[in-house]
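Engineer: Pasting a structure below so you can have a look.
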Amino acid sequence: MKPKGWKDLPPGSVITRPGSATEFKTGSWRTFRPVWVPENCIQCLFCWMYCPDMAIKVKDGKREEFDYDYCKGCGICARECPGKKGQKAIIMVEEGK
Amino acid sequence: MATTLSLKELSKKEDLFTHGHRMCSGCGAPIVVKQLLLASDYPIIASNATGCLEVSSCISEYTAWKIPWIHNAFENAAATISGVETMCRSLKKQGKIDKEIKFVAFGGDGGTYDIGFQSLSGAMERGHEMLYICYDNGAYMNTGIQRSSATPLGADTTTSPAGSVIKGKTQPRKNMTRIMAAHGIPYVAQASPAHWRDAVTKFRKALEIKGPKFINVLAPCNRGWRSSTDDAILLCRAAVDTCYWPLYEVEDGVTRINSIPKEKKPVEEFLKPQGRFKHLFAPGNEWLLKLFQEEVDREWERLKKEAQEAVSDKS
Ligand SMILES: Cc1ncc(C[n+]2csc(CCOP(=O)(O)OP(=O)(O)O)c2C)c(N)n1
Ligand code: SF4
Ligand code: SF4
Ligand code: SF4
Ligand SMILES: [Mg+2]
């Protein structure tokens, strides 16, 4: 058998749809749900920066609602939220309650 | 011009690492990736060593990456990206591409400190145009929390279990950041995602500097650290405040500490919320906690001296 050159080797597995993970909704993993309290929000965007799941929507530099399709309910955003006058702008509530 | 370093401006950028990835809830690693991608205004091609980040960001036909990304094996993320970089250099010479592309390799601590170490050391020595990012969660997490050379002293892992005789890992962690600095490459740094401005600044700086660069970033893993899902950022902050994970950089051989805590906190603040260190707080094990603190103190004093010498050399 003729030995194969590198151009004959298969390229391995290729994914041609960048960001296709968005088709997989991770929101069902949640046991706790973050709830946004806009009146306590100072728009610091720390929650946005620290969310490991890109589940906080921001438009034109302003925070909007949570993206519950993907939020896994870790609670990092609530922990890090400074809120206004000691009143958090994110509270965690148990799912299904 | 680079995007202004404010959360407001950064938040207007597209997420190049998307939701729908399958890292555990509250994992620190995706925050590191997000900050690196936000830092860059250049197109990036990345390689990824096998590990949690790679396994959970790319499952069958689902990928969370919106940049060209390549996974090869556990031990060769640096070699792989060095090959990609060489290929692009050749294509540029041939006039087939003209963009300025940046090359980044991501590896976990196992993939960096241990199994991928020789390929990383080689790529750095050859002087490739690349930035290596180690996301350090202090164990082989993806395969079930086995100890690595990045695992801290005393930590309970499945291969260094804390029992009645042996109290978790018996060796202190290896100082990988220093080892990389010893390669004499133009830029080496240590960063933490809680200090996002410092981290993004370092990523940017590293991407601008020519030649090989290495940044070690702390990346909490609540599964392996036996902590709660909401404390990744809090623990990163504690790691810096206790000087367990000092923020510093070594640029052209000159060491600079980027943040000196106003008040150096006792290392308990970092250890206590983590179940992997629970036994350090049991009666009779005070010596181990003391030993841990001494290790941290010794390294912090050494680092401060190194940074001071750098200042006096300049003057
Ligand atoms: C040569 C080889 N040995 C072992 C494995 C199994 N393996 C896959 S991921 C992994 C652990 C990775 O640890 P680390 O690099 O620290 O990344 P983490 O999972 O902690 O993010 C191991 C041992 C492998 N894929 N290839
Ligand atoms: S709970 Fe976690 S995943 Fe959900 S929005 Fe907050 S930080 Fe993101
Ligand atoms: S962290 Fe809290 S205060 Fe800041 S933007 Fe988010 S919700 Fe608003
Ligand atoms: S095991 Fe740890 S490092 Fe791996 S995805 Fe889960 S939290 Fe992240
Ligand atoms: Mg690891």
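A short reminder: the numbers here are calculations on the coordinates, not readings from a lab. Because the structure is a prediction, the values reported are computed rather than measured. All Cβ positions, glycine included, derive from the backbone under ideal geometry; neighbour counts span all protein chains shown.
Engineer: For the range B:259-271, in order, what is each residue's ³J(HN,Hα) by Karplus, 6.51 cos²θ - 1.76 cosθ + 1.60 with θ = phi - 60°, in whole Hz (x at glycine and Pro)?
Structural biologist: 8, 9, x, 4, 9, 6, 7, x, 4, 3, 4, 7, 7
Engineer: Further question: Tell me, Kirkwood radius of the range B:1-76 from alpha-carbon pair distances, in Å?
Structural biologist: 13.4
Engineer: For chain A, with a Gaussian network of springs between Cα atoms less than 10 Å apart, report the residue from A:Ile76, A:Ile15, A:Ile56 with the top mean-square fluctuation.
Structural biologist: For chain A, modelled as a Gaussian network with Cα springs under 10 Å, the answer is A:Ile15.
Engineer: Show that you can apply the helix-only estimate: for chain B, add -39,500 (n - 2.57) for every DSSP H stretch of four or more residues, divide by all residues, and state [θ] at 222 nm to the nearest 500.
Structural biologist: Theoretical 222 nm ellipticity from helices: -11000 deg cm²/dmol.
Engineer: Could you calculate the contour length gain from B:Asp98 to B:Glu208, that is, 0.36 nm times the residue separation minus the distance between their Cα atoms, to one decimal place in nm?
Structural biologist: Result for the pair: 37.9 nm of gain on full extension.
Engineer: Something else now. Considering the zone a paramagnetic label at B:Gln146 would reach in this model (a point 7 Å from Cα along the Cα-to-Cβ line), which residues of the range B:45-62 have amide N under 15 Å from it?
Structural biologist: B:50-52
Engineer: At 222 nm, what helix-only mean residue ellipticity would chain A give, in deg cm²/dmol to the nearest 500, using -39500 (n - 2.57) for each DSSP H run of four or more?
Structural biologist: Rounded to the nearest 500, the figure is -2000 deg cm²/dmol.
Engineer: Applying the Karplus parametrisation 6.51 cos²θ - 1.76 cosθ + 1.60 with θ = phi - 60° to the phi angles of the range B:198-206, what ³J(HN,Hα) value in whole Hz is obtained for each residue in order, glycine and proline being reported as x?
Structural biologist: These are the phi-based 3J(HN,Hα) values: 4, 5, 4, 4, 5, 4, 4, 4, 4 Hz.
Engineer: Now for a different question. How large is log10 I(q)/I(0) at q = 0.08 Å⁻¹ when the Debye formula is applied to the Cα atoms of chain B, each weighted equally and without solvent?
Structural biologist: The calculated log intensity ratios at q = 0.08 Å⁻¹ are -0.35.
Engineer: Give the Cα extents of chain A along the principal axes, in whole Å, largest first.
Structural biologist: Cα spread of chain A along its principal axes, largest to smallest: 77, 31, 19 Å.
Engineer: Using the charge dipole of the range B:214-315 (Lys, Arg: +1 at Cβ; Asp, Glu: -1 at Cβ; taken about the Cα centre), state which of B:Ile257, B:Trp287, B:Ile215 has its Cα farthest towards the positive end.
Structural biologist: After comparing all options, I get B:Trp287.
Engineer: Modelled label-to-label distance, A:Val14 and B:Asp15, 7 Å Cα→beta-carbon offset: nm?
Structural biologist: The two pseudo-label positions are separated by 2.8 nm.
Engineer: For chain A, which cysteines have no second Cys with its Cβ under 4.7 Å from theirs?
Structural biologist: A:Cys41, A:Cys44, A:Cys51, A:Cys71, A:Cys74, A:Cys81
Engineer: Tell me which residues come under 5 Å, amide H to amide H, from A:Ile90 once H is placed; ignore anything under 5 positions away on its chain.
Structural biologist: A:Val37
Engineer: Would you list the P(r) distribution for the protein assembly as shown, with all Cα-Cα distances sorted into 20 Å bins from 0 and each bin expressed as a whole %?
Structural biologist: P(r) for the protein assembly as shown, in whole percents per bin: 26, 58, 15, 1.
Engineer: Further question on the same structure: Each label point is 7 Å from the Cα along the Cα-to-Cβ direction; what then is the distance between the points at B:Gln171 and B:Arg126, in nm?
Structural biologist: Here the modelled spin labels are 2.8 nm apart.
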